[in-house]
1. Restricting to strands (runs of 3 or more DSSP E) lying wholly in the stretch 1-98: which have 1 or more residues that are out of contact with any Leu (no Cβ under 9 Å at 6 or more places or on another chain) and modelled with pLDDT of 95 or more?
2. Considering each residue of the stretch 316-340, count those that are more than 20 Å from G283 (Cβ to Cβ) and of a type outside the set (V, I, T), and give that number.
3. Need the failing condition index for N293 against (1) surrounded by 12 or more Cβ atoms within 10 Å (Cβ to Cβ); (2) touching a strand residue (DSSP E or B) at 6+ places or on another chain (Cβ under 9 Å), just the number.
4. Tally up the residues in the stretch 301-325 that are among the hydroxyl-bearing types (S, T, Y) and over 24 Å from K254 (Cβ atoms), please.
5. Quick check on I286: is it surrounded by fewer than 14 Cβ atoms within 10 Å (Cβ to Cβ) and closer than 26 Å to K249 by Cβ?
6. Identify, by number, the condition in (1) modelled with pLDDT under 95; (2) over 20 Å from S323 (Cβ atoms) that S205 doesn't meet.
7. Name the single residue that is nearest to the chain's Cα centre (by Cα) among those in the stretch 137-162 being crowded, with 17+ Cβ neighbours inside 10 Å and part of a loop (DSSP other than H, G, I, E, B).
8. Restricting attention to the stretch 296-312, which residues are over 21 Å from L327 (Cβ atoms) and either of a type in the set (K, R) or surrounded by 15 or more Cβ atoms within 10 Å (Cβ to Cβ) (or both)?
Amino acid sequence: MKFGYKLVIKYYLENSNGQYFETLPLNSTEKTVMQLSAGQLYRFLLLAKSPREAQIVLSPVLIVETRPLQAKNLIVTRVTPVEIFLHWDPPDDFSSTSFHHYFVTILDTKANKSEALSVEKVNTTTIIGNLKPYHQYLIYLFSVAEKGSLSCLEKPILTITGISPPLNVSAKPDDVGEDSIILQWEPPHDSCEFYIQAKSLSDASETIKHLVNNTNKFKIDLLTPGMTYDIGVATVKNGNKSELITIQKTLKPKPVQIIIPYEFHSTSVILFVQMPDIGVFDGIHIVTNRGPNITLPLKSNNKITIENLTPGTEYNFLVSTTSGDRLSTVYHVPAVKTCK
């Protein structure tokens, strides 16, 4: 280089009239340019300047896009067996043009394979789908500048997808008894351990739990007759449970203990009913051989009146206790005849 000349880096923003210069020490081969704007496109030239400010261009124009600022506070808000829900805060300069969109990368740590998806700049949430149940993933989030430059690499989030729950949890009508229920389900693939829970709706302290293996059916005993339960099954893997899949069932109430015809009239009869001494029940359902069929609420004196009968007619009454829409075993009342 000629005596008196100095090396200079000239740089400027694209579509901007402002120009900046950085002087280089002689024989230097690198230079760090500070205080640039994030996510912007800069043009750089290497020049030689004479003492009279004459310039000799020593290099072609180098176009460089700075990295955009990173999004902040990436969190997982929800996890299912096949989806991960994400939320984050935008970069500090969200209102500027320093970035164009977001880029999410998810790495399957076992298979060492990754997939990626783009998210529009206006969004701060996304859902990653089509994942494997109970699988470990590393999730990276980048801001992307206009020409494709990524923000700096931040620490990823390690997330495990949920366990697949049992399918088609059910109980056949005939399998719902007075103090037990037979529950059945379809196990998900490669699952053999299940958690079962029966929880009373009216008494939270009454919760029965079981852990079973290698079965798709289980009988839950020691339940309260006529009680309504939330009954659920969850898959268990390594001590972790899937979502609890629940059904609601009301057990069959206990039948009446005894019924005694108490009074007879021409168009009605009064029956004394001794209700069960255990369980839950909310009324009486009466079927007659000649009609009408009626459902009556409980009375404190244990007496029920059946009206709109025909004078001088013999009736057979079939009486059940009720709990919700469930009926107990029928009690057959001896034939009763109304007065003429």
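1. Details: elements: 6-13, 20-24, 41-49, 55-57, 62-65, 72-79, 84-89.
In the stretch 1-98, 72-79, 84-89 are the strands (runs of 3 or more DSSP E) which contain 1 or more residues that are out of contact with any Leu (no Cβ under 9 Å at 6 or more places or on another chain) and modelled with pLDDT of 95 or more.
2. Going residue by residue through the stretch 316-340, those that are more than 20 Å from G283 (Cβ to Cβ) are 316, 334-340.
Applying the additional criterion that residues be of a type outside the set (V, I, T) yields 316, 334-335, 337, 339-340.
Residues in the stretch 316-340 being more than 20 Å from G283 (Cβ to Cβ) and of a type outside the set (V, I, T): 6 in total.
3. Of the numbered conditions (1) surrounded by 12 or more Cβ atoms within 10 Å (Cβ to Cβ); (2) touching a strand residue (DSSP E or B) at 6+ places or on another chain (Cβ under 9 Å), the odd one out for N293 is (1).
4. Quick first cut of the stretch 301-325, residues among the hydroxyl-bearing types (S, T, Y) only: 305, 310, 313, 315, 320-323.
With the extra rule that they be over 24 Å from K254 (Cβ atoms), the set shrinks to 310, 313, 315.
Selection size over the stretch 301-325: 3.
5. Values: surrounded by fewer than 14 Cβ atoms within 10 Å (Cβ to Cβ): no; closer than 26 Å to K249 by Cβ: yes.
Judged against the criteria, I286 is not a match.
6. Only one criterion in (1) modelled with pLDDT under 95; (2) over 20 Å from S323 (Cβ atoms) is unmet by S205, namely (2).
7. Filtering the stretch 137-162 for residues that are crowded, with 17+ Cβ neighbours inside 10 Å and part of a loop (DSSP other than H, G, I, E, B), the one nearest to the chain's Cα centre (by Cα) comes out as G162.
8. Our first condition is that a residue be over 21 Å from L327 (Cβ atoms); within the stretch 296-312, this holds for 300-301, 307-312.
The one that is over 21 Å from L327 (Cβ atoms) and either of a type in the set (K, R) or surrounded by 15 or more Cβ atoms within 10 Å (Cβ to Cβ) (or both): L309.
The values are calculated or read from the model by the stated rules, or taken from the named source; none is laboratory data. Keep in mind that what you see is a predicted model, and the values were worked out from it rather than measured. Using ideal geometry, Cβ is built from the backbone for each residue, glycine included, and neighbour counts are taken over all protein chains shown.
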